[in-house]
Amino acid sequence: IPAGVPCADTTELLMGTRMADLMAWAKEYDFVLLDTPPTDVLMDARVLVKLVDGVVICTRWGRSKLGDLGATVDGVQASGGYVYGVAVTMVETGQHALFDSRPVPRRAYMAET
């Protein structure tokens, strides 16, 4: 969906009837993603958390600080949002063993002890 003409007061738009109509339309689908600016830049995300089921916070490897990430999680929760998880982006494959792909142990699926 195109963003349209830039405006100074995005919070007012997000709390308006057109946004409510869009969110009602979105309920017909299983999965809808809303991409917002970072929570420390604009209030958009904190306004939208009340309208969605949950939030996935994206953080950039090597750039985002753990304290800032914690503040973001706290801010989303304080605004009434539920954090589903955190996605770490821009990780160079082969550079960090923690993020390399690998097979998942069978017991993870079969609930073996």
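Around SER79, what is the net charge, scoring Lys/Arg as +1 and Asp/Glu as -1 over all other residues with Cβ under 12 Å from its Cβ? Local charge sum for SER79: 0.
Counting charges near MET19 (Lys, Arg +1; Asp, Glu -1) among other residues having Cβ under 12 Å from its Cβ returns a value of -1. In this structure region 32-88 gives 68 Å² per residue of accessible area when probed at 1.4 Å with all protein chains present. Model label sites at VAL91 and LEU34, defined 7 Å from Cα along the beta-carbon direction, differ in position by 2.8 nm.
The values are calculated or read from the model by the stated rules, or taken from the named source; none is laboratory data. Here the structure is a predicted model, which is why all the values come from computation and not from measurement. Neighbour counts run over all protein chains shown; Cβ positions are idealised from the backbone, glycine included. Each accessible area value is taken on the protein alone, full model and side chains, heavy atoms only, with ligands, DNA and RNA left out. Shrake-Rupley method; radii C 1.70, N 1.55, O 1.52, S 1.80 Å.
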